[in-house]
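What follows is a short report on a single structure.
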Amino acid sequence: MAARRLLLWMQLGLLASAAVPLRAGTLAAETPRPMQAALADEVRARRELVVAAFQWLDATLARDFAAQSKFYPERMPVFYLWRDVPKSAVMDEKRRVFEQAATIDIRMEPPQLLVDAGAHTGRMYFRKTYVIRGAKLNRVGEVLQELRWAKETDGWKIVSERDLRVIRQARQQ
């Protein structure tokens, strides 16, 4: 599932376009080596972030809390309206919501990515639509979501997860 979406994004040019300067003969020849290395790091980071986002979404949809928890550091500076949150609280909240749900349908549009010059942090923005329904739960909506990522020794971690803007009002029961 994630591989098909990744291939689709590559076909749409969301990943390949970042690599163009490295493949263009004259531009690559004119670009100083340190800049070429920085561009290569940024391209690699972009690809890793898109793959990580798909894996995170797939783990969420599968209710695979162990896989999902790998995307979070031990403390998150921002988790929606909470600040300085331990990973255990983030995962408890996700379990509380998803274990009540009979239906989970979360979709994200291709993200916009901003990667820092050192390719150690990145910001990802995307439209997310969601339907989470259960006996006592009815959340339906669309938001502009932001994920901030940091590269750690064991991979990319989400250090901030929040909605920037409500596009379509969510309903809760």
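Here are the numbers for this structure:
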quantity	calculated
Which numbered condition residue 116 misses (of (1) farther than 29 Å from residue 40 by Cα; (2) at pLDDT below 95; (3) not aliphatic (A, V, I, L, M))	(1)
Residues of segment 102-123 satisfying the condition of being under 16 Å from residue 58 (Cβ atoms) and either in a strand (DSSP E or B) or of a type in the set (Ser, Thr, Tyr) (or both)	104, 105, 106, 107, 108
Condition broken by residue 45, with the remaining ones in (1) out of contact with any helix residue (DSSP H, G or I) (no Cβ under 8 Å at 6 or more places or on another chain); (2) buried (at least 17 other Cβ atoms within 10 Å of the Cβ); (3) at pLDDT below 55 satisfied	(3)
Counted residues, segment 121-173 - those being surrounded by 16 or more Cβ atoms within 10 Å (Cβ to Cβ), modelled with pLDDT under 95 and closer than 19 Å to residue 110 by Cβ	1
Residue among 59, 52, 66, 102 that is surrounded by 13 or more Cβ atoms within 10 Å (Cβ to Cβ) and without any contact (Cβ under 8 Å) to a residue 60 or more places away in the chain	59
Filter pass, residue 85 being more than 12 Å from the chain's Cα centre (by Cα), assigned to a helix (DSSP H, G or I), buried (at least 17 other Cβ atoms within 10 Å of the Cβ) and among the hydrophobic types (A, V, I, L, M, F, W, C)	no
One residue from 83, 107, 96, 75 being modelled with pLDDT of 95 or more and more than 24 Å from residue 152 (Cβ to Cβ)	107
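The values are calculated or read from the model by the stated rules, or taken from the named source; none is laboratory data. Because the structure is a prediction, the values reported are computed rather than measured. Note that each Cβ is placed from the backbone with ideal geometry, even for glycine, and that neighbours are counted across all protein chains shown.
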